[in-house]
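Participant: Here it is, the structure, as structure tokens.
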Amino acid sequence: MKTPYQVHQELARIERLVPHLISDQGERAEEILGFHLASLYASAPIGEHATISERARRMQSECRAAAEPDAYPTVFELTAQPQLA
């Protein structure tokens, strides 16, 4: 069983790993992230599960956004609307 400190350290490590997963694995990034998170859940105390879930949602949304770039408009697409004369 990991201590709360170890859980936070592991979460930070996984968060640093996400951009590399996205660039190296593409659409499989979320699946691979899931394996890392499942391992962390299994070794974390119950009291840390809420923290893991909160941070996992952010990491998963990053992976989904990278896998489906057309599903999420960019800031440029939101602000650069064609104007009819």
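The values are calculated or read from the model by the stated rules, or taken from the named source; none is laboratory data. Given the structure is predicted, the values throughout are model-derived calculations rather than measurements. FYI the Cβ positions are ideal-geometry reconstructions off the backbone, even for glycines, and counts take in every protein chain you see. Accessible surface areas use protein heavy atoms only, side chains included; no ligands, DNA or RNA. Shrake-Rupley method; radii C 1.70, N 1.55, O 1.52, S 1.80 Å.
Participant: Working with all protein chains in place, sort 53, 61, 23 by solvent-accessible area computed with a 1.4 Å probe, largest first.
Facilitator: 23, 61, 53
Participant: Here's a follow-up. For the pair residue 23 and residue 46, how long in nm is the line joining their label points, each one 7 Å along Cα→Cβ?
Facilitator: With each label point 7 Å from Cα toward Cβ, the separation is 4.1 nm.
Participant: Per-residue HN-Hα couplings for segment 9-14, Karplus 6.51 cos²θ - 1.76 cosθ + 1.60 at θ = phi - 60°, whole Hz, x for Gly and Pro?
Facilitator: 5, 5, 4, 4, 5, 5
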